[in-house]
Amino acid sequence: MSNAPTHSVHSAIATGPLLLLLFLLFGCLAPGAAFAVDGYDQLGFRTISDDCGPFFIGKYEAQDTSIAYCMNQERPGPTKPGGPWLNFDQGWVWLDDEFAAIVCHGYPTTTSFGGYHLSPDRARAATQLAVWMLNGTTHVDGTYSYTTAQGKTKSGHFTADNEVVAAARWLHDSAKSGSIEAAPHRARRYLGAVSGGSKRQDMLYVLPAASVSFQKQSANTVITSGNNTYQFTGATFDIFESASGARVGTIKMDSNGRAQATLLPNTAYYLVETKAPAGYVPRHDRIAFTTGNDGGRVAIDEQPAPSTCVS
């Protein structure tokens, strides 16, 4: 398990109260089970609509800023449409498995995958179907079969939108083959009890993404300008989350000293240099930065090595 922070998701990634639609679908409630956790939150959920996408898949709302998907196709959503907030005492673990790969490469990261260009609702439906395909209740041809909590067998075929089924199949197959992988610290699995109840909510949860650009630059261009001894290519940094100290990614600079990473918005991080650029003094400090709502830009000044001479 990672040493992830145990404070609420909302305080970790948002600067104010926000509401975002959660796509939990049918299957959010599951029987109680033992669950080792990396963190803990109390979150409120309610059902907005039972009609999202081509298959009458539900749309749900939560009191924080992430998108989620149900693990269990046979279980109902948190409330009736338009119902009151229902609180769940959530335990969660970070995920880096095939389920995480699906939710990180489906909606909300993109609405286009596998060569299919979908609307947001159709992309949500495809992502959820891919989760159910991996869980075994929906098959890659769009047929499904499962047993409800009451012991009734349900079966059928998702036929209303073949393109959505094909996009789901691409997500499923790509995750199984390893051609798509989970982004570090983007996906969680939540399993927690209903406050005052005996059932538990079980869902996959993908945190919002922000694109951050990094730019290395010489601290003394008088020395380095036009001198091929100084090269940014291949300079490498590890990225750490400040609150937890967990490494969440790596960046490698191109010849122009540029790199990009997908991180959480409104979150504090720091860089640690693991490979210095040619001709520059290696750095042993931590380079702190904080992302904004839309990511941001981080400038990294590099000192030319004093022993390097211009021929």
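Compute the length gained on full extension between His139 and Ala166: take 0.36 nm times their separation in residues and subtract their Cα-Cα distance, giving the result in nm to one decimal.
In short, 8.6 nm is gained.
Could you compute Rg(Cα) / (2.2 N^0.38 Å) for the range 87-144, with N its residue count?
That works out to 1.24 for the range 87-144.
If neighbour count is taken as other Cβ atoms inside 10 Å, put Val298, Val93 in order from fewest to most.
Fewest to most other Cβ atoms nearby, the residues stand as Val93, Val298.
Give me the distance in nm between label points sitting 7 Å out from Cα along the Cα-to-Cβ direction at Asp301 and Asp173, one decimal.
Going from the Asp301 label point to the Asp173 one covers 5.3 nm.
How many nm is it between the label spots at Arg258 and Asp97, if each spot is 7 Å from the Cα in line with the beta carbon?
About 3.9 nm separates the two model spin labels.
From a point 7 Å beyond the Cα of Val272 in the direction of its Cβ, which residues of the range 242-262 have a backbone N at a distance under 19 Å?
Only 242-253 pass the distance filter.
If we sort 204-211, 258-265, 80-87 on the protection proxy, mean other Cβ atoms within 10 Å, highest first, what's the order?
Taking the mean over residues of other Cβ atoms within 10 Å, the ranking is 204-211, 258-265, 80-87.
Going 7 Å from the Cα of Ser155 along its beta-carbon direction, which residues of the range 99-137 have the amide nitrogen within less than 17 Å of the resulting point?
Within reach of a label on Ser155, which here means backbone N under 17 Å from a point 7 Å along Cα→Cβ, the range 99-137 contributes 136-137.
How many nm separate the modelled label positions at Asn227 and Ala243, each set 7 Å beyond the Cα in the direction of the Cβ?
Placing both labels 7 Å along Cα→Cβ, they lie 4.4 nm apart.
No value in this document is a laboratory result; all are computed from the given coordinates. Because the structure is a prediction, the values reported are computed rather than measured. Positions of Cβ are generated from backbone atoms using ideal geometry, with glycine treated the same way; all protein chains shown enter the neighbour counts.
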